[in-house]
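So the structure is just underneath, and the comments pick up after that.
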Amino acid sequence: MILPILNYPDSRLRTKAKEVDAVDDKIKTLVKDMYETMYAEDGIGLAATQIDQHLQVVVMDVPDSQDDYELLLKNRKNDSDKKPDTRHHPLCFINPKVTNTSGHEKHVEGCLSVPGYHAEVERANQITVEALNEQGEMFTLHASNLLAVCIQHELDHLDGILFVDHLSKLKQKRLLEKTKKAIKG
Ligand code: NI
């Protein structure tokens with residue numbers, strides 16, 4: 001089932017997600033719906049917070065290369081069947097914890113909850129994360145570059161933080177004004 005996504009500046013996006021007690025059928029259905037929603041929107045990651053479910057659950061499918069990522073962005077909202085297949089790495093993180101970070105890198109980020117807006121954010125470029133997968137099994141992942149950026153972005157959502165919070169106050173003010181104008185129409 002495709003679920004509606006909350007949009008900035010909705011205050012529900014500020015909710016801190018709770019730990020999942022058990023990876024039961026309810027959580028498995030949530031994960032399935034989150035994948036469906038993410039793929040329908042051509043996103044590369046989605047946190048449960050964004051669909052108003054305040055549990056520590058994230059799904060992701062990050063393209064192999066920057067070229068594949070750009071192709072995906074270019075084809076977003078293009079409903080033809082000729083969309084290139086750049087989706088191969090479904091990843092689910094339940095109760096994720098970052099155990100190590102190193103380096104710094106700037107990447108242009110976007111977010112399904114902040115449609116049509118992109119900005120450069122500096123984050124660690126290598127991270128180690130521990131989580132449960134959708135079978136409830138513990139795994140450790142060492143990630144770098146776009147994957148590391150995406151994990152940090154999605155984990156922020158679980159803490160009620162959006163990528164735009166990392167921007168200068170002036171940029172945030174401009175975005176908020178633009179968004180309010182758009183909502184008014
Ligand atoms: Ni996001």
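For the reader, a short list of remarks on this structure follows.
- Under the combined filter of DSSP loop state and at most 13 neighbouring Cβ atoms within 10 Å, the range 96-185 retains these GluC sites (Glu not before Pro): Glu137.
- Size of electric dipole in the chain: Cβ of Lys, Arg +1 and of Asp, Glu -1, about Cα centre, debye, nearest 20: 1100 debye
- Residue-count net charge about Leu141 - beta-carbon cut-off 13 Å; Lys, Arg +1, Asp, Glu -1: -2
- A Stokes-Einstein calculation at 37 °C with viscosity 0.692 mPa s, built on the Kirkwood radius of the chain over Cα pairs, returns a diffusion coefficient of 194 µm²/s.
- Label-point gap, in nm, between Asp159 and Asn100 - each point 7 angstrom along Cα→Cβ: 2.0 nm
- Theoretical gain in end-to-end length, Val108 to Asn7 [0.36 nm per residue, Cα-Cα removed]: 34.4 nm
- Tally of Lys pairs whose C-alpha atoms are under 20 Å apart, taken over the range 40-175, 8 or more apart or cross-chain: 4
- The range 1-153 - percent of accessible surface contributed by carbon and sulfur, probe 1.4 Å: 48 percent
- In this structure, Leu170 and Lys32 have a Cβ-Cβ separation that, at R0 = 35 Å, corresponds to a calculated FRET efficiency of about 0.30.
The values are calculated or read from the model by the stated rules, or taken from the named source; none is laboratory data. Worth saying up front: this structure is predicted, and the values here are computed from it rather than measured. Every residue, glycine as well, gets a Cβ built from its backbone with ideal geometry; the counts of neighbours run over all protein chains shown. Calculation scope for accessible area: heavy atoms of the full protein, side chains included, ligands and nucleic acids excluded. Shrake-Rupley method; radii C 1.70, N 1.55, O 1.52, S 1.80 Å.
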